[in-house]
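Report on one structure; see the data block that follows.
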Amino acid sequence: MERTHRIEIWFFIGSLLFVYGILILGAGLYHLVHPPLQQFALADLHVDIWWGGVAVDVGISLYSQVLAAVEQRGESNEQDR
Amino acid sequence: MKRLFWSLPAVFINTMPAVARTPDLHSTRLLSVTPLDLIIVLLYFVVVLGIGFYLKKYTRTGEEFFMAGRKMTAWIAGLSFISANLSSLETMGWSAMAYQYGMLGAHAYLIGAIPAILFLAVVMMTFYYISKTHSVPGYLKLRYGEASRSLAGISFSFMTVLVCGVNMFAMAKVMQMLLGWNFDLCIWVSSVTVAVYVALGGLLSAVFNEVLQFFLIWLGTLLVPILGIIEAGGWSNMLATINAQHPGQNFTSLWSNLGSPADNPMGMDWTGMVFGLGIAVSFGYWCTDFLQVQRVMAAKSLRAAQNGTVIGAVLKMLVPIIVTIPGLLGLAVLTQKAGITLVPESVAQTTGGHSYNEVLPLMMARYLGPGLLGLGITAMIAGFMSGMAGNVSAFATVWTYDVYRPLVNKSASDAHYVSMGRWSSIIGVFIAILTAYAAKFFSNILIYLQVLVMFFIIPLFGVVILGMLWKRATSAGGFWGFLAGILASIGEFMYVHVFPGYFDAAHLNPDHVRVIALSPLAQDMAVNMYSAFWSLLVSIGVTVIVSLLTRPKSDEELKDLVYGLTRIPDEGPTPWYKHPNFWAAVVFVLLIVVNIIFW
């Protein structure tokens with residue numbers, strides 16, 4: 001029986017990191033306006049904003065890898081036909 | 001106020017859990033989570049279960065379920081290889097080690113890992129891969145016969161489910177302590193999740209989750225060293241602060257304080273570090289522990305397996321950034337900026353202070369706000385669960401192929417063995433749950449479980465490496481060498497804990513320690529390293545002697561199993577920059593440079 005092509009592992013990782021990044025980035029922006037009650041060292045660096053951005057960036061990069069692989073596979077299938 | 005509960009790692013074995021010896025419950029929590037943190041944790045569980053359900057349709061044959069179809073790329077194999085070892089017990093335990101002993105703890109990632117991983121890539125992987133075996137015990141069957149395979153298969157199966165149980169217990173205790181979560185709930189949620197995704201997707205599912213875990217651990221932990229160094233005023237200032245706070249003690253060197261056991265708090269000199277850790281423990285663990293080797297054996301080609309292993313070596317060398325540096329930062333930042341000095345666990349329990357084991361959670365609590373803390377906690381949970389899943393998937397393979405098939409049901413269909421693999425995953429988790437509860441109620445069990453890996457893995461390396469490199473080694477030699485090594489390991493463990501008239505597994509007898517570790521000052525870790533080295537010598541010695549007295553196999557029988565009789569498959573022309581030997585050499589040079597820089 002023919003099975004569908006398996007989704008790449010990077011899709012799952014990229015998606016999760018992207019969602020995490022959005023959540024953390026959103027929390028960071030919210031905390032700019034409403035600082036959390038608990039104090040943290042180096043809070044003035046607003047690390048959640050840029051670390052959330054890093055997570056979004058890594059997530060998108062991994063997702064792009066998956067898209068590139070899918071497109072490449074599509075092109076080679078076309079050539080096979 | 002009582003604090004974290006587990007002892008420091010007993011040995012430099014990286015999977016060796018640093019687990020509790022006091023099962024009492026604690027009412028206080030170190031970290032406070034927000035709803036956002038909980039959403040992040042919950043999302044992780046949804047994704048790992050989703051991966052398990054999704055991958056079920058891709059794991060129908062034995063090759064797919066037990067070996068992930070042997071389709072892994074070098075990168076995925078390498079990430080999985082190193083991630084299976086990067087448990088939360090490791091990150092937390094070795095951060096504590098760095099706080100207590102300074103940079104000496106980083107040896108676990110340098111001489112205690114890299115030479116062995118490179119040796120696996122360049123030498124041993126060829127034999128594992130070309131023999132097309134499913135497991136390390138499977139190689140023993142081909143090389144030495146059924147008796148050696150059965151001994152290795154049964155001992156490995158026994159060991160992995162118990163270690164899985166310890167991991168489960170430790171996770172529940174850590175979550176209870178850090179977050180105030182219910183112990184039973186942690187045990188059951190984590191174990192059911194692991195059982196579901198491994199039983200559905202087999203090794204493929206375990207590998208997917210290990211690679212995911214790798215990213216989560218780095219993303220959840222890397223902020224601690226980055227922010228810590230910023231707060232400490234840079235690397236040089238951090239070292240200067242540590243040295244100023246500990247006059248006369250050397251916390252920032254790898255080798256210069258290993259001239260004598262009296263020069264460092266481990267009670268060990270360079271010979272123990274090189275021969276015990278660098279040779280016996282490291283090679284035993286990285287080259288013959290099937291939990292590790294299985295990940296790279298599942299690569300799509302020999303070259304991918306070798307390159308994946310070399311990638312694993314590079315990634316391993318980077319781990320001190322998120323493990324050792326937070327420990328050192330604890331020495332510099334926590335004391336200077338927060339006025340917190342960490343103490344041994346026994347002292348923390350009587351005085352109510354913070355113990356060494358809390359250094360990483362304390363650093364996380366110091367820097368990570370809502371959302372980021374959820375990421376850090378998710379990284380910890382992912383680390384624990386992938387450790388459990390790694391043990392369960394390796395157990396399912398060895399149990400099915402090396403115990404059930406040869407000893408119980410030799411001629412069943414492939415579908416039957418896949419079904420057995422799925423059921424053994426579930427049963428393995430169930431036994432692990434029993435182990436976790438046994439550890440909760442009988443804390444002394446943990447002392448034995450901590451050294452269990454050494455009993456079997458180190459002697460196994462002696463036998464396997466002789467089998468690969470010396471065609472004169474015989475079936476009888478392999479079996480008796482392995483058995484003698486196991487008995488020597490157990491005997492040494494008993495010997496150092498025997499006192500006149502009684503046995504105490506929790507304490508060392510200095511008179512006996514002097515015999516094993518060559519110094520009465522040797523602590524647990526030093527004793528374990530020397531014991532490992534002697535066990536290795538016993539297994540090699542007995543294998544050689546018995547082999548010389550018994551009849552060897554013919555060259556035809558040893559084809560593709562032994563050096564000199566193995567044909568390397570032609571995988572086409574390879575440019576020099578893609579050759580595993582080239583990258584292995586580069587990584588080895590890098591290792592030397594790092595050791596010189598931090599000498």
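Where a number appears in this text, it was derived from the coordinates with a stated rule and is not lab data. Predicted model, so just to flag it, every value in this text is computed and none were measured. For neighbour counting, all protein chains shown are included, and Cβ atoms are generated from backbone atoms with ideal geometry for every residue, glycine included.
In segment B:112-134, the residue that is surrounded by the most Cβ atoms within 10 Å (Cβ to Cβ) out of those that are touching a Ser or Thr at 6+ places or on another chain (Cβ under 7 Å) and part of a loop (DSSP other than H, G, I, E, B) is B:ALA113. The residues of segment A:28-40 that are aliphatic (A, V, I, L, M) and either at the interface with chain B (Cβ under 9 Å from one of its Cβ atoms) or more than 20 Å from B:ILE39 (Cα to Cα) (or both), listed by number, are A:LEU32, A:VAL33. Given the structure, is B:PHE208 within 14 Å of another protein chain (Cβ to nearest Cβ), assigned to a helix (DSSP H, G or I) and either without any contact (Cβ under 8 Å) to a residue 60 or more places away in the chain or under 24 Å from B:ASN357 (Cα atoms) (or both)? In short, no.
Yes/no per residue for (1) in contact with a Gly (Cβ under 6 Å, 6 or more places away or on another chain); (2) under 30 Å from B:PHE119 (Cα atoms):
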residue	(1), (2)
B:ASP402	yes, yes
B:TRP423	no, no
B:PHE430	no, no
B:PRO459	yes, yes
B:THR474	no, yes
B:GLY481	no, yes
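Between A:ALA55, A:ALA43, the distinction of being surrounded by fewer than 21 Cβ atoms within 10 Å (Cβ to Cβ) and either at the interface with chain B (Cβ under 9 Å from one of its Cβ atoms) or of a type outside the set (A, V, I, L, M) (or both) belongs to A:ALA43 only. Here B:ALA584 fulfils each of the conditions (1) crowded, with 16+ Cβ neighbours inside 10 Å; (2) not in a helix (DSSP H, G or I); (3) not polar (S, T, N, Q) apart from (2).
Inside segment B:351-380, residues that are within 14 Å of chain A (Cβ to nearest Cβ), touching an Asp or Glu at 6+ places or on another chain (Cβ under 9 Å) and over 15 Å from B:LEU227 (Cα atoms) make up a count of 6. Residues in segment A:13-27 that are more than 7 Å from chain B (Cβ to nearest Cβ) and either buried (at least 21 other Cβ atoms within 10 Å of the Cβ) or under 23 Å from B:GLY228 (Cβ atoms) (or both): A:GLY14, A:GLY21, A:LEU25.
If you check B:LEU223 against the conditions, is it within 13 Å of chain A (Cβ to nearest Cβ) and either over 30 Å from B:LEU55 (Cα atoms) or aromatic (Phe, Trp, Tyr) (or both)? Against the criterion (within 13 Å of chain A (Cβ to nearest Cβ) and either over 30 Å from B:LEU55 (Cα atoms) or aromatic (Phe, Trp, Tyr) (or both)), B:LEU223 qualifies. Here are A:TRP10, A:TRP50: which of them is more than 7 Å from chain B (Cβ to nearest Cβ) and in contact with a Leu (Cβ under 6 Å, 6 or more places away or on another chain)? That would be A:TRP10, the only listed residue that is more than 7 Å from chain B (Cβ to nearest Cβ) and in contact with a Leu (Cβ under 6 Å, 6 or more places away or on another chain).
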